[in-house]
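As structure tokens, the structure follows; a few thoughts come after it.
The values are calculated or read from the model by the stated rules, or taken from the named source; none is laboratory data. As the structure is a prediction and not an experimental result, all values here were calculated from the model. Because the Cβ atoms are built from the backbone with ideal geometry, glycine has one as well, and the counts that use them run over all protein chains shown. Note: areas computed on protein heavy atoms with side chains; ligands, DNA, RNA excluded. Shrake-Rupley method; radii C 1.70, N 1.55, O 1.52, S 1.80 Å.
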Amino acid sequence: MWAWALLPIFLAVFATAGIWVVYVMSVSNGSVNLEEGFPYISTCGSYPPQSCIFGQVLNIGAMLVVWICVIRFQQIRDYGCHSHVNSVGLALGFLCALGTSMVGNFQQSNQLETHLIGAFLAFVIGIIYFWIQTYLTYRVKPRHGGKWIVPLRFILTLLATVSLILMFAFFSKQMKSIAAICEWILAIILFFLFGLFCVDFWYLEGHFFHVRKRRVVIPTEVQVSTVALSL
């Protein structure tokens, strides 16, 4: 059902548009001054009223990330890959979503330490998640998207990794504007990587959650006693 492909596309478009709306608002109301340098994403979302929109955008984005990660996990299992790598990927996806929500709810102007922990989970753990997805895409058959999907995921994840390293490097050299630009590039690449799941979700016919009852093992002697009483 092609409609499932709209879920990751919506996440990518919604999150990208959301952070740019926050940027425009912060510049328009003077919360950030471009003459002092290009701002970080979190700097734009630190002050009201745009902080409210920033938090809501990231909370909705985090919810969609969890949903997408669960679907992708189940899709890989349905293709016969019961690897522990897939389970680790699911856990990392959840941590990435948690970090995204923390970034939106704990602004750097109010709770810097918590905000930085959230940023670590969103960016660093998010990149590790997509390295795992690149590996799983290579391993799993059928491989939707043809021959280009693995190289594309690899290149985008590599660019995200390079952007993260450059962001830390420029920040350590007090080149904050360039570091901020690297952060924006990193965030947009991650959004695009989530949106790229539309290629895989295009082939989904449905998505269901199942709850299994725990099997109760009845001892042999109890079974024999029960049969005897019934006779």
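Rounded to the nearest 0.05, what FRET efficiency do residue 162 and residue 120 give with R0 = 22 Å and r taken as the Cβ-Cβ distance? Could you check? Show your work: numbers first, answer last.
Values: r = 18 Å, r/R0 = 0.80.
It comes to 0.80.
The residues packed around residue 71, meaning those with a beta-carbon under 15 Å from its beta-carbon, carry a net charge of -1 if Lys and Arg are +1 and Asp and Glu are -1.
Loop-located trypsin sites (Lys or Arg not before Pro) in the stretch 81-182 (DSSP state not H, G, I, E or B) with no more than 10 neighbouring Cβ atoms inside 10 Å: 173. Ellipticity at 222 nm from helices only: DSSP H runs of n ≥ 4 in the chain, each -39500 (n - 2.57), divided by the residue count, give -23000 deg cm²/dmol. Helix screen, the chain: DSSP H segments with Cα axial length of 30 Å or more and mean Kyte-Doolittle hydropathy at least 1.6 are 6-28, 149-172. The Rg/Rh ratio for the stretch 74-161, using Cα coordinates for both the radius of gyration and the Kirkwood hydrodynamic radius, is 1.08. Projecting label points 7 angstrom from Cα along Cα→Cβ for residue 174 and residue 52 puts them 3.9 nm apart.
Take residue 81: with every protein chain present and a 1.4 Å probe, its accessible area is about 20 Å².
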